[in-house]
1. Counting only residues that are among the hydrophobic types (A, V, I, L, M, F, W, C) and either surrounded by 12 or more Cβ atoms within 10 Å (Cβ to Cβ) or over 23 Å from the mean Cα position of the chain (by Cα) (or both), which one in the stretch 63-80 is nearest to Ile27 (Cα to Cα)?
2. Of all residues in the stretch 33-86, which are of a type in the set (S, T, N, Q), modelled with pLDDT of 90 or more and over 19 Å from Asp10 (Cβ atoms)?
Amino acid sequence: MNPLKSGTLDLALLAALSEQPRYGLDILKYVNERSGGLFDLREGSLYPALHRLVKAGWVESDWQPSDKGGAPRKVYRLTDEGAAALSSKRAEWQTLRGALDALLLRRLRQPA
């Protein structure tokens with residue numbers, strides 16, 4: 001099961017980049033580890049999403065030398081607009097989560 005849809009994928013990527021700039025495979029590893037493997041994010045979903053976030057102006061990227069002396073890596077970082085979008089999306093998520101919790105928990109509390 002892969003619960004990441006476009007909106008939640010964007011939220012996950014913005015959150016990952018809010019902590020520090022990261023290169024693509026580091027983002028992928030971070031999201032998969034932090035979700036306990038639930039998201040199972042793959043490169044085929046990651047890079048189109050990053051390009052979409054760059055186009056929206058929420059993320060910017062540049063090439064930086066590898067810390068291990070290999071080929072340069074494209075590093076992504078959150079812009080000020082991206083930080084504002086993350087804040088807005090977090091608030092939307094909290095509202096949605098609260099509404100779903102109210103529905104689900106109410107059902108669990110009612111006798112069958």
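1. Val75
2. Scanning the stretch 33-86 gives a single hit, Gln64.
The values are calculated or read from the model by the stated rules, or taken from the named source; none is laboratory data. As the structure is a computational prediction, the values presented were derived from the model and not from experiment. Note that we place each Cβ from the backbone using ideal geometry, even for glycine, and neighbour counts take in every protein chain shown.
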